[in-house]
1. Got a sec? Charge dipole of the chain, +1 on Cβ for Lys and Arg, -1 for Asp and Glu; which of Gly164, Trp120, Asn198 is way out at the positive end?
2. Give Lys112/Lys209; Lys150/Lys232; Lys83/Lys209 a once-over and call out the pairs whose C-alpha atoms are over 27 Å from each other.
3. Which number do you get for Rg(Cα) / (2.2 N^0.38 Å) in the chain?
4. What number, rounded to the nearest 500 deg cm²/dmol, is the helix-based mean residue ellipticity at 222 nm of the chain, given -39500 (n - 2.57) per DSSP H run of at least four residues and division by all its residues?
5. Under the Karplus relation 6.51 cos²θ - 1.76 cosθ + 1.60, θ = phi - 60°, what is the ordered set of whole-Hz ³J(HN,Hα) values for the stretch 238-245, x standing for Gly and Pro?
6. With both partners inside the chain, how many of the DSSP beta bridges are antiparallel, as a percent to the nearest 5?
7. Can you tell me the Rg and Dmax of the stretch 110-203, counting just the alpha carbons, in angstroms?
8. Looking at the chain as a GNM with Cα springs under 10 Å, which of Pro194, Pro33, Pro113 has the largest mean-square fluctuation?
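Please treat every number below as a calculation from the coordinates, not as lab data. Here the structure is a predicted model, which is why all the values come from computation and not from measurement. In this analysis, Cβ positions are derived from the backbone assuming ideal geometry, glycine residues included, and neighbour counts consider all displayed protein chains.
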Amino acid sequence: MASLSLSLPAFSSSRPLARSSNERQALFSRIAPVYDNLNDLLSLGQHRIWKRMAISWSAARKGDWVLDLCCGSGDLAFLLSQKVGFEGKVTGLDFSREQLSIASARQDSFWKPCYKNIAWIEGDALDLPFPDSYFDAITVGYGLRNLVDKHAAMKEVFRVLKPGSRVSILDFNKSTNSSVVFIQEWMINNVVVPVASNYGLAEEYTYLKSSIDNFLTGKELEKLANELGFSKARHYEIGGGLMGNLVATR
Ligand SMILES: C[S@@+](CC[C@H](N)C(=O)[O-])C[C@H]1O[C@@H](n2cnc3c(N)ncnc32)[C@H](O)[C@@H]1O
């Protein structure tokens, strides 16, 4: 049985968006059983390519200690595990116990020897249970957009990264290009929500649109990272501009 270390999440008092942390936690727990299938279906498998790109941008290497923040069912953590190998250590952190249970079950069922290097921790991205300068690399896949306080989360990422190390943050791109915005909205209204409604999750996936509206553009993400003290920050548009990946070096 894979290790599942549980600790009580500590929530931030900040509530800049309509939905609270507790409501988001409940939402991600509800979608956990179908999350992986829907990702494959809705992205036509493309999310696997974008996740590999995110891993490569993290510059994680053999022997590194790495964090996959907001790990969900663990896609990025499994890729990191193969990168850092037996000598390395991967921590997957999420505040949804249901998502972590699925990650742990996948760790058992897709067993590869290196997966022994993964530990799952239930915790809050806004109050990370790690010492300063602890990780050699951090990945965040579709997590930052869902956090109620992005500034606090990035501050925590900066704190627990070693100087010179990178965070790679993959997410939907809040585009400033009106054609991309149109396509993104059309896809959500005409593909994502109708497909999700077949699983009884229309409301949960309608939230996607407001979460993108409330997210930061690539330039704003770069600015936030620079203000927090990252020495380099570059946002790359991928998937025809529908997705984006921020790469920031502490
Ligand atoms: C869209 S899923 C992404 C999962 C995974 N990284 C992936 O790329 O497939 C977002 C995840 O962020 C987690 N999450 C949201 N807010 C969080 C917080 N404050 N602390 C920890 N995890 C959080 C949710 O539970 C959910 O599993």
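1. Gly164
2. On the way: Lys112/Lys209 36 Å; Lys150/Lys232 18 Å; Lys83/Lys209 33 Å.
Flagged as over cut-off: Lys112/Lys209; Lys83/Lys209.
3. Values: Rg = 16.9 Å, N = 250, 2.2 N^0.38 = 17.9 Å.
Normalised by 2.2 N^0.38 Å, the Cα Rg of the chain equals 0.94.
4. Values: 9 runs with 109 residues, N = 250.
Mean residue ellipticity, 222 nm, calculated: -13500 deg cm²/dmol.
5. Per-residue couplings from phi come out as 9, x, x, x, 6, 10, x, 9 Hz.
6. On the way: 14 of 37 bridges.
Looking only at bridges with both residues in the chain, the antiparallel portion is about 40 percent.
7. 17.6, 46
8. Judging by the Gaussian network model, the answer is Pro113.
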